[in-house]
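S.K.: Following this message is one structure expressed as structure tokens.
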Amino acid sequence: MKRETFGSRLGFILISAGCAIGLGNVWRFPYVVGAYGGAAFLIIYLIFLVILGLPIMVMEFSVGRASQKSVARSFQELEPRGSKWHLFSYGAIAGNYLLMMFYTTIAGWMIAYFVKTLAGDFAGLSAAGVKLEFAAMKADAFPQIGWMVVITVVGFLVCAIGLQKGVEKVSKFMMTSLLAVMVVLVIRSITLPGAQAGISFYLKPDFARLMEHGLPEVIFAAMGQAFFTLSVGIGSMAIFGSYVSRDRRLFGESLSITVLDTSVALLSGLIIFPACFAFGVNPGSGPDLIFVTLPNIFNSMAGGQIWGAFFYIFMIFASFSTVIAVFENILSFGVDLFGWSRKKSALVNIFLMIGLALPCILGYNYLSDFQPLGPGTSVLDLEDFIVSNNLLPIGALVYLLFCVTKYGWGWKGFLAEANTGNGLAFPSKMRWYCKYVLPFIIIYVLVQGYIVYFS
């Protein structure tokens, strides 16, 4: 069967960026930046995004394009005979499913919050009342299951339609709509009375505030965010490499995707930080920032019901763009491994994904006594820990070693594929850095993740 291809270069960039742009940019990024002192942390994060995330993204794309397969089969196509690189495929497949097991739940929360905000459910509630509303939503399993099923069914139906007519067309619409809504929200946020303090916090470096947390913790947070935001390490990007033509060099394309991904993250900060400071709210309030803090801000804002609805539309587009991208990868597993049609793989995975996502939702109600990582933790925390603290850095290390060592695909094979076509070439002089420095950076992220998480 001939491999499908994107209809345009823009489609490839927007879909790949859509995979990277998601909750890591607009949910995790603002509260991490807020927790670690604003602009000073932002500088360190951008450095690691370039020296850590970007090379791995190029490698994922290269493996995908050279093999013309998803991560389920790509290593088998390129590895030396008798080697065992393909064993990582099982971990990568599991990683994509694990990611969606909690991501579909959170994407469902975004829809629920859009409906609640538009209906005025938060109007007149105190800060404590908004927090109780969030807790009540998590405690009621059946509405969450309903929203998760909607996300899952619609996502796989889009993928079943086809690469160009389904995934590419819908992703283009969502990404352009997302950017348009973001611009409107940024303009509203930065024009709020008192917003200037938030802009200063966000864009003016204060290294004294940064050092309050200690440099090792800050560096780890920046590295971890670089991994999380680009979704590299479990083959989520490699699938799109398998669909792209050889007309363009992959370093330039990866750079474009990284810039777009980073721009969305930076703009999300310009939405959240000015609003937080305008209404005297702590911008480093953790994951509850989106579900507890911001509804309180919208309650205090003139026309807040409408602005809140706009914000959650933006969040829906951001999360659903990632869902479709990862679902495309999951769907391709059935195509590459079993020769299924798109429609058959989509149908099988709809039922499989719904079943796999249930424990995350039930972890807040019927399974709330199960606290796998200590008091107060949930099934979602466990799934997130496995993906973010384990599979992403381990997967990134596997892709890296596969592309730079003679025991894998090798530097020559990688560089030839990455630099095929027109555009910006991957620098050949980076071999020493990729082979002798980058592996230790990734290992540091992996080890430090355990130290920080369990300390």
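The values are calculated or read from the model by the stated rules, or taken from the named source; none is laboratory data. Not measured: the values here are computed from a predicted model. All Cβ positions, even for glycine, are placed from backbone atoms using ideal geometry, and neighbour counts span all protein chains on display. When the accessible area is computed, the model is the full protein with side chains, heavy atoms only, and any ligands, DNA or RNA have been set aside. Shrake-Rupley method; radii C 1.70, N 1.55, O 1.52, S 1.80 Å.
S.K.: Using the eigenvalues of the Cα gyration tensor, what equivalent ellipsoid semi-axes result for region 58-149 when each is taken as the square root of five times the eigenvalue, whole Å, largest first?
M.R.: 44, 13, 10
S.K.: Counting pairs of Cα atoms in region 226-342, how many percent are more than 25 Å apart?
M.R.: Values: 2848 of 6786 pairs.
Summing the P(r) tail past 25 Å for region 226-342 gives 42 percent.
S.K.: Can you check what the Kirkwood hydrodynamic radius comes to for region 204-249, Cα pairs only, in Å to one decimal?
M.R.: 13.5
S.K.: Just add up the charged neighbours of residue 245: K/R +1, D/E -1, any other residue whose Cβ is under 11 Å from the Cβ of residue 245.
M.R.: So the environment of residue 245 carries a net charge of +3.
S.K.: Considering only C-alpha atoms, what is the centroid distance from region 144-193 to region 72-126, in Å?
M.R.: So the two Cα centres are separated by 15 Å.
S.K.: On to the next question. Where q = 0.12 Å⁻¹, what log10 of I(q)/I(0) comes from the Debye formula for the chain, counting one point per Cα?
M.R.: -1.02
S.K.: Report the one residue of 104, 451, 170 whose Cα lies farthest in the direction of the positive end of the charge dipole of the chain (charges on C-beta: Lys and Arg +1, Asp and Glu -1; origin at the Cα centre).
M.R.: 170
S.K.: Over region 276-399, how many percent of alpha carbon pairs lie in each 5 Å bin up to the one with the longest distance?
M.R.: Bin by bin from 0 Å, the calculated values are 2, 9, 10, 14, 16, 17, 14, 10, 5, 2, 1, 0.
S.K.: So what does residue 398 come to for accessible area, using a 1.4 Å probe and Å² rounded to 10?
M.R.: Around 30 Å² of this residue is reachable by solvent.
S.K.: What is the gain in length, in nm to one decimal, between residue 407 and residue 87 on full extension, counting 0.36 nm per residue of separation less the C-alpha to C-alpha distance?
M.R.: Length difference between fully extended and current span is 113.7 nm.
S.K.: Per residue of region 143-149, in order, report the coupling 6.51 cos²θ - 1.76 cosθ + 1.60 (Karplus, θ = phi - 60°) as ³J(HN,Hα) in whole Hz, putting x for Gly and Pro.
M.R.: Running phi through 6.51 cos²θ - 1.76 cosθ + 1.60 with θ = phi - 60° gives x, 4, 4, x, 5, 5, 5 Hz.
S.K.: Considering only protein heavy atoms, what per residue accessible area in square angstrom results for the chain with a 1.4 angstrom probe? Mind dumping the intermediate values first?
M.R.: Numbers: 17370 Å² over 455 residues.
Ligands and nucleic acids excluded, the result is 38 Å² per residue.
S.K.: Next question. Along the Cα→Cβ direction, 7 angstrom out, place labels at residue 435 and residue 149. What is the inter-label distance in nm?
M.R.: Between residue 435 and residue 149, the label points sit 5.5 nm apart.
S.K.: I need the phi-derived Karplus couplings for region 257-264: 6.51 cos²θ - 1.76 cosθ + 1.60, θ = phi - 60°, integer Hz, Gly and Pro marked x.
M.R.: So the J values, rounded to whole Hz, are 5, 5, 5, 5, 4, 5, 4, 5.
S.K.: Then there's this: Hey, can you grab everything whose amide H is under 5 Å from the amide H of residue 248? Only 5+ residues off in sequence or another chain; H modelled, so Pro and N-termini drop out.
M.R.: Hits under the 5 Å cutoff: 422.
S.K.: A further question on this structure: What is the distance in Å between the Cα centres of region 300-366 and region 10-64?
M.R.: About 20 Å separates the Cα centre of region 300-366 from the one of region 10-64.
S.K.: Across the chain, where is the longest run that never hits chymotrypsin sites (Phe, Trp or Tyr not before Pro) in a DSSP loop with at most 13 other C-beta atoms within 10 Å?
M.R.: Result for the longest clean stretch: 1-365.
S.K.: A follow-up question, please. Taking R0 as 22 Å, what FRET efficiency do you get between residue 126 and residue 377 from their Cβ-Cβ distance, rounded to the nearest 0.05?
M.R.: For R0 = 22 Å, the calculated efficiency reads 0.20.
S.K.: Computing the accessible area with a 1.4 Å probe over protein heavy atoms, can you report the carbon and sulfur percentage for the chain?
M.R.: 67
S.K.: For residue 84, which lysines qualify as cross-link partners when the Cα separation must be under 28 Å and same-chain residues fewer than eight apart are set aside?
M.R.: 2, 69, 406, 412, 435
S.K.: Can you list the aspartates and glutamates whose alpha carbon sits under 12 Å from that of residue 116, skipping same-chain ones fewer than 8 residues off?
M.R.: The reachable aspartates and glutamates, counting only those whose Cα sits under 12 Å from residue 116, are 133.
S.K.: Output ³J(HN,Hα) for region 270-278: one whole-Hz value per residue in order, computed from phi by the Karplus curve 6.51 cos²θ - 1.76 cosθ + 1.60 with θ = phi - 60°, and x for Gly and Pro.
M.R.: 6, 7, 7, 5, x, 5, 4, 6, 5
S.K.: Where Lys and Arg each count +1 and Asp and Glu each count -1, what net charge lies around residue 423 among other residues with Cβ under 14 Å from its Cβ?
M.R.: +2
S.K.: Let me ask something else. Using DSSP loop states and a limit of at most 15 other Cβ atoms within 10 Å to flag trypsin sites (Lys or Arg not before Pro), what is the longest stretch of the chain containing no flagged site?
M.R.: Maximal segment without exposed cleavage sites: 85-245.
S.K.: Okay, next question. In region 31-109, with Lys and Arg counted as +1 and Asp and Glu as -1 at Cβ, which of these residues, 71, 49, 59, has the Cα nearest the positive end of the dipole, that is, farthest along it?
M.R.: Farthest towards the positive end: 71.
S.K.: Which length gain, in nm to one decimal place, applies between residue 4 and residue 245 when the Cα-Cα distance is subtracted from 0.36 nm times their residue separation?
M.R.: Between residue 4 and residue 245, full extension yields an extra 85.8 nm.
S.K.: Oh, and also: Counting helices only, and only those DSSP H runs with n ≥ 4, report the 222 nm mean residue ellipticity of the chain as the sum of -39,500 (n - 2.57) divided by its residues, in deg cm²/dmol to the nearest 500.
M.R.: Rounded to the nearest 500, it is -22500 deg cm²/dmol.
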